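What follows is a single structure, written as C-alpha cells, with notes after it.
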Amino acid sequence: MGKGMKRKEDPRFLTGNGNYVDDMRLPGMLYMAIVHSPYPHANIKGIDKAAALAVPGVKAVITGEDLVAASLAWLPTFHGFDKQMVLAVGKVLFQHQEVAAVFAETREAARDAAELVDVDYEPLDPVISPFDSMKDEVILRDDREDKTNHIYHWDSGDRDGTQAALDDSEVVVTERIYAPRCHPAPLEPCGCVAQFDAMGRLHFWVTSQAPHVYRTAISLVTGIPEDKIRVISPDIGGGFGNKVPVYPGYVCAIVGALILKTPVKWIETRTENLTTTGFARDYHMDVTIGAKKDGTVTALKVKTVADHGAFDAAADPSKYPAGMFGVVTGSYQFPVAFAELDAYFTNKAPGGVAYRCSFRVTEASYAIERGMDILAQKLTMDPAELRRKNFVRKDQFPYDSALGFTYDSGDYEGTMDKALNQIGYAELRREQAEKRARGEYMGIGISTFTEVVGAGPSKHFDILGIKMFDSAEIRIHPTGTGIIRTGTKSQGQGHETTWAQIVAEELGLDPQNLLVEEGDTDTAPYGLGTYASRSTPVAGAALALAARRVREKARKVAAHLLEAAAEDIEWVDHKFQVMGAPSRSVTMKEVAFAAYTNPGEGNEPGLEASLYYDPPNMTFPHGAYIAVVDVDAETGEVKVRRFLAIDDCGTVINPMIVEGQVHGGLTEGFAIAFMQEIPYDEQGNNMAPNFMEYLIPTSVEAPVWETGSTVTPSPHHPIGAKGVGESPNVGSPAAFVNAVMDALAPLGVTHIDMPLTREKVWRAIRDAQAAA
Ligand code: PCD
C-alpha cells in the first residue's frame with residue numbers, strides 16, 4: 001500500500017499478448033455488419049434484402065420487423081426512463097441509426113452486403129436543437145405515450161429562497177455555459193462475440209464495464225434464464241463510460257447466433273463508435289451566482305437544457321435522472337442554491353452517457369468553476385482569493401451542501417495553497433502584468449473542484465433497480481498465495497495490481513502472488529462494474545473488509561498454532577502474535593498452510609471470505625488545478641505553457657497508478673477544452689464521424705503535466721481511499737478555459753464555449769477588438 005508497485009498486468013499488454021474480444025476466434029464463427037441510416041429523421045417505406053443476400057458468404061439479413069416478430073425490437077436503457085430501438089422500425093431518428101444487420105462468413109462479405117441492403121427512406125425534417133425540440137411542434141418519439149419531446153424535469157434545492165437571495169445580492173453574474181457533446185473514443189471500439197453452446201447456454205464476450213448488469217439485462221430483454229447466460233469481459237482497451245450502455249449491435253449478434261446456430265462476432269468500426277454509441281454532455285447551463293461586493297457568495301442558480309438525442313442512453317441511478325449534477329455548488333459555501341434541468345429528445349445519436357464523469361459531475365464542476373471565474377472577473381478580484389473566501393473550511397466536514405450532499409472530508413484551502421506555491425503563483429501574476437503592459441496575452445486559470453464518486457449507498461443508488469453495492473471474494477491457498485475476485489472490471493485502470501496491494505496489506509502476503517480476476521460472471525461475485533470512479537470507493541472497501549474477514553478466520557488458526565486463546569492473539573506488523581509476548585508469532589503464510597493441514601479442533605478448514613459492501617456515503621475527492629497559457633492574438637493559438645494538478649483522493653493505494661490516471665485524464669480534459677466535439681449541422685449530419693474531424697491529442701500536442709497530492713482520508717472508507725480516475729477530466733476543462741479567459745480579460749471577453757479552437761479564439765479576439 002502506498003507504493004508505486006509496477007503494474008502486474010503490463011507484461012501482457014506491452015508484449016502484445018492482451019486478450020481482447022476481437023482476439024476471439026471460434027469454429028464456424030460468422031461476422032456481423034450493421035446497415036446505418038444516412039438520414040437523421042425519415043420514414044422507412046421498405047427494405048429490400050435481396051441484393052445483400054446474394055453476396056457470396058452471406059447467411060442472413062435481419063431488420064427491425066424481424067425483431068418485432070421476436071419481441072426484441074426494443075432494449076431498455078439503464079436508468080429506466082427510456083428504451084431504445086434495436087433496429088429501426090417504421091422510422092429512423094438519428095443519422096447512422098442501426099437499420100439492419102448482416103451475417104456472413106467474413107467481415108468483408110458482411111460489410112459489402114451491408115452496403116447492398118436497399119432501404120427506401122422518406123426523409124423528414126430533423127429537429128437538431130433542444131431549444132426547437134422543446135416547442136413540441138414535431139413529436140419525435142411516437143412510440144411514447146406522453147406526446148412530447150420533453151423527457152424529464154429534475155430539480156433540487158430551494159427555488160424561492162435562491163431567487164430571493166439573488167434579488168438581494170449586491171452583485172449578480174450570469175452566463176450561458178455549454179458543455180459540448182463529446183466522446184472518449186477509446187483505443188478499442190465496442191464489440192462482442194455471441195455463442196450458444198450445445199446445452200443452449202449463451203456465452204457472451206463483450207467490451208463491458210459492467211458484465212453482471214449486462215447478464216441481468218440480457219436475461220430481462222431476451223427471456224433467457226440468467227443461469228443460462230455467461231458474460232465475459234476480457235481485456236478492454238479503454239472504456240471511459242462508452243462501454244457502460246448495452247448497444248443494439250449486441251442484441252443483434254445474440255439474435256444472429258440464436259437463429260443461425262453458430263457463433264457471431266461484431267466489432268464496431270471507428271465511425272460506428274463516433275456516430276452511434278452513447279454520447280456525453282450536450283448540456284446548456286444558465287449559471288447565475290449572487291455575491292456581496294467583497295466576494296462572499298450568496299446564492300447559486302443553474303438552469304440546464306440537456307440534449308439527449310433520439311434515445312436517452314443515460315445509465316444514471318433512477319433517483320438521480322440528472323446524475324450527480326447536484327454537486328454543482330462545488331467547493332464553496334453557498335447558503336442557498338437551486339438547480340433544475342430539463343432533458344429533451346432531438347434527432348441526434350443517443351446521449352446522456354457519462355464520459356469520465358460520475359454521472360454529470362464534469363458538467364457541474366465545469367459550470368461552477370467557470371462561474372466563479374466570471375464572478376472574479378466582474379469583481380476584479382483575484383480568482384484564488386475569491387475561492388479562498390468561499391471555500392468550505394477544513395473544520396466544517398462532514399459538510400451538508402445546499403443541494404443535499406454530505407461531503408465526507410476535504411482541505412480545499414490547503415490543497416489550493418500547495419498548488420499556488422508549487423507553481424509560483426505570485427511570480428506568474430507579476431509576469432502576466434508585465435506582459436499585459438506590452439500587449440501580450442498570458443493567462444492563469446484555476447480550478448478547485450470537488451467530485452462525488454463511489455456510487456453508491458443502496459438507499460439512493462441503483463441501475464435498473466439493482467442496488468449499487470459491490471463485492472469481493474478472497475481465497476487464500478495453502479501456500480499463502482491466493483485469488484481475488486470483485487464485481488468490478490478494469491479497462492486499463494490497473495485493478496490487477498491495486499486490488500492485490502489492498503489485500504496484501506491487510507493480510508501480510510506478497511501482492512505478486514495474489515491473482516486478481518474480474519469480468520467473468522461465472523466466477524466473479526455480483527457487482528455493478530467499473531465507472532463513476534466507484535471501484536476503489538466500493539469494491540476497494542469490499543476487498544479490505546473481506547480481507548479482514550479472512551484475518552478473523554485466520555486468527556483462530558493462529559491461536560491454535562500458538563496455543564493461546566483467540567482473544568489473546570493480536571495482529572501486529574503484518575503477523576499474528578500473542579499479546580504481550582512478541583516472540584511468539586506466526587505469519588499469515590504459516591497460518592494459511594495450517595488452515596488446510598492442521599486447522600485445529602473446531603476450526604473450519606480453508607481460508608476464504610466473500611463480502612458485499614453497501615457504502616454509507618459517497619466519497620468526495622478534490623483537487624486544485626492551475627493552467628498557464630499564452631494566447632497568440634494574431635492567430636488565436638493557445639499554448640499551454642504549464643499545467644499543475646494537485647489531487648486529493650484520500651489514502652493512495654498506488655501513487656504511480658494514480659499519477660498515470662491523472663496524466664490520462666488531463667490529456668482527455670485538454671482535448672475536450674481545445675479540440676473535441678461531436679457537432680451536428682442543421683441537416684442533422686454528424687460532422688465528426690472519423691479521426692480526421694474528431695481529434696485525438698498525442699504526446700506531441702499534450703502539455704507536460706506537473707502533478708502532486710494532498711491526503712485527506714475518507715472517514716467512512718475502511719482504508720480512507722476515495723476515487724481518482726475521473727478527477728483530472730472533471731477538474732481540468734475549467735482550468736484551461738479559465739486560463740484562456742484570463743488571458744483575454746483585458747479585451748473584455750468573458751466566456752467562449754469549448755472547444756477553444758484557434759478559429760473560435762481568433763474570432764473572439766477580433767470581435768472584441770472591433771467592439772473596442
Ligand atoms: N487508485 C489508487 N488510490 C486511490 C484511488 C484509486 O491507487 N486513492 C487506483 C485504483 O485502484 C485504480 C485506479 O487508481 O487502479 C482508478 O481508481 P478509481 O478512481 O476507483 O476508478 P475505477 O472505478 O477503477 O475506474 C473508473 C474510472 C472511470 S469512471 C473512467 S471514465 C476512466 C478512469 O477510470 N476510464 C479509464 N481511468 C481509466 N483508465 C484507463 N486506463 N482506461 C479507462 O477506460 Mo467513467 O464513469 O466510465 O465515464
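The values are calculated or read from the model by the stated rules, or taken from the named source; none is laboratory data. From a predicted model like this one, the values you see are computed outputs, not experimental measurements. No Cβ is skipped: glycine too gets one built from the backbone with ideal geometry, and neighbour counts run over all protein chains shown. What goes into the accessible areas is simple: the full protein's heavy atoms, side chains included, and nothing from ligands, DNA or RNA. Shrake-Rupley method; radii C 1.70, N 1.55, O 1.52, S 1.80 Å.
I'm checking my understanding of the structure. Among residues of the range 275-313 that are in a loop (DSSP other than H, G, I, E, B) and among the hydroxyl-bearing types (Ser, Thr, Tyr), which one is most open to solvent (accessible area, probe 1.4 Å)? Steps first, answer last, please.
Pass one, the range 275-313, residues in a loop (DSSP other than H, G, I, E, B): 276-278, 281-282, 292-296, 308-311, 313.
Cutting the leftovers down to among the hydroxyl-bearing types (Ser, Thr, Tyr) gives us 276-277, 296.
Working: 276: 9, 277: 1, 296: 40 Å².
In this case the residue turns out to be 296.
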Lone unmet requirement of (1) over 25 Å from residue 437 (Cα atoms); (2) away from the ligand (no atom under 16 Å from the Cβ); (3) touching a strand residue (DSSP E or B) at 6+ places or on another chain (Cβ under 6 Å); (4) of a type outside the set (A, V, I, L, M) for residue 751: (1)
Selection count, the range 688-724, where residues are surrounded by 17 or more Cβ atoms within 10 Å (Cβ to Cβ) and more than 16 Å from the ligand (Cβ to nearest atom): 5
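Given the range 1-89, what strands (runs of 3 or more DSSP E) lie entirely inside it while holding 3 or more residues that are over 27 Å from residue 233 (Cβ atoms)? Break it down stepwise before answering.
Working: elements: 30-36, 42-48, 58-63, 74-76, 83-85.
Filter on the range 1-89 gives 42-48, 58-63.
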Of residues in the range 126-141 being assigned to a loop (DSSP other than H, G, I, E, B) and in contact (Cβ under 8 Å) with a residue 24 or more places away in the chain, the one most open to solvent (accessible area, probe 1.4 Å): 134
Residue list for the range 481-509, filter: assigned to a loop (DSSP other than H, G, I, E, B) and of a type in the set (Gly, Ala, Ser): 487, 490, 492, 494, 508
Test for residue 108: is it out of contact with any strand residue (DSSP E or B) (no Cβ under 8 Å at 6 or more places or on another chain) and either in a loop (DSSP other than H, G, I, E, B) or among the aliphatic types (A, V, I, L, M) (or both): no
Matching residues, the range 563-588, being crowded, with 19+ Cβ neighbours inside 10 Å and in a helix (DSSP H, G or I): 588
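Only one of 619, 651 is open to solvent by less than 10 Å² (accessible area, probe 1.4 Å), within 15 Å of the ligand (Cβ to nearest atom) and either at pLDDT 95 or above or not hydrophobic (A, V, I, L, M, F, W, C) (or both); which?
On the way: 651 fails: open to solvent by less than 10 Å² (accessible area, probe 1.4 Å).
Just one listed residue meets the conditions, 619.
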Search result, residues across the range 314-340 that are open to solvent by 10 Å² or more (accessible area, probe 1.4 Å) and under 21 Å from the mean Cα position of the chain (by Cα): 315, 318, 319, 320, 321
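State whether the residues of the range 346-365 include one that is over 30 Å from residue 245 (Cβ atoms) and either at pLDDT 95 or above or among the hydroxyl-bearing types (Ser, Thr, Tyr) (or both).
Pass one, the range 346-365, residues over 30 Å from residue 245 (Cβ atoms): none.
Within the range 346-365, none of the residues are over 30 Å from residue 245 (Cβ atoms) and either at pLDDT 95 or above or among the hydroxyl-bearing types (Ser, Thr, Tyr) (or both).
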Among residues of the range 247-271, those that are open to solvent by 20 Å² or more (accessible area, probe 1.4 Å) and either in contact with a His (Cβ under 9 Å, 6 or more places away or on another chain) or within 16 Å of the ligand (Cβ to nearest atom) (or both), counted: 1
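Can you name every residue in the range 462-480 that is part of a strand (DSSP E or B) and either among the aromatic types (Phe, Trp, Tyr) or surrounded by fewer than 20 Cβ atoms within 10 Å (Cβ to Cβ) (or both)? If you could, list the steps in order and put the result at the bottom.
Here is the first cut: in the range 462-480, the residues part of a strand (DSSP E or B) are 462-463, 466-467, 470-476.
Within the range 462-480, 466, 467, 475 meet the criteria.
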Hey, residue 139 within 24 Å of the chain's Cα centre (by Cα), modelled with pLDDT of 95 or more and closer than 29 Å to residue 319 by Cβ or not: no
Given (1) surrounded by fewer than 18 Cβ atoms within 10 Å (Cβ to Cβ); (2) within 16 Å of the ligand (Cβ to nearest atom), index of the condition residue 727 fails: (1)
Test result for residue 657, crowded, with 24+ Cβ neighbours inside 10 Å and at pLDDT 95 or above: no
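Considering only residues that are away from the ligand (no atom under 13 Å from the Cβ) and under 27 Å from residue 729 (Cα atoms), which ones fall in the range 214-241?
Going residue by residue through the range 214-241, those that are away from the ligand (no atom under 13 Å from the Cβ) are 214-232, 234.
214, 234 - these are the residues of the range 214-241 that are away from the ligand (no atom under 13 Å from the Cβ) and under 27 Å from residue 729 (Cα atoms).
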Cβ pairs under 6 Å, 6+ apart, first in the range 513-532 and more than 15 Å from residue 463 (Cβ to Cβ), second open to solvent by 30 Å² or more (accessible area, probe 1.4 Å) and β-branched (Val, Ile, Thr): 513/481
Residues located in the range 403-442, provided they are more than 25 Å from the chain's Cα centre (by Cα) and not in a helix (DSSP H, G or I): 424, 438, 439, 440, 441, 442
Count of the range 478-529 residues which are within 10 Å of the ligand (Cβ to nearest atom) and among the charged types (D, E, K, R): 2
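Yes or no: the range 204-212 includes at least one residue that is assigned to a helix (DSSP H, G or I), open to solvent by less than 20 Å² (accessible area, probe 1.4 Å) and within 16 Å of the ligand (Cβ to nearest atom). Explain how you work it out, then say what you get.
The first filter runs over the range 204-212 and keeps only residues assigned to a helix (DSSP H, G or I), leaving 211-212.
Keeping just the survivors that are open to solvent by less than 20 Å² (accessible area, probe 1.4 Å) gives 211-212.
Remaining after also requiring within 16 Å of the ligand (Cβ to nearest atom): 211-212.
Checked the range 204-212: at least one residue is assigned to a helix (DSSP H, G or I), open to solvent by less than 20 Å² (accessible area, probe 1.4 Å) and within 16 Å of the ligand (Cβ to nearest atom).
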Unique match (being open to solvent by 20 Å² or more (accessible area, probe 1.4 Å) and within 16 Å of the ligand (Cβ to nearest atom)) among 189, 123, 184: 189
Among (1) over 16 Å from the mean Cα position of the chain (by Cα); (2) buried (at least 23 other Cβ atoms within 10 Å of the Cβ) - the single one residue 154 does not satisfy: (2)
Qualifying residue in the range 669-687 (condition: surrounded by fewer than 17 Cβ atoms within 10 Å (Cβ to Cβ), within 16 Å of the ligand (Cβ to nearest atom) and aliphatic (A, V, I, L, M)): no
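From the list 591, 572, exactly one residue is in contact with a helix residue (DSSP H, G or I) (Cβ under 6 Å, 6 or more places away or on another chain) and of a type in the set (Val, Ile, Thr). Which is it?
591
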Residue ID - farthest from the ligand (Cβ to nearest atom), chosen from residues in the range 538-555 that are open to solvent by 10 Å² or more (accessible area, probe 1.4 Å) and touching a residue at least 12 places away in the same chain (Cβ under 8 Å): 555
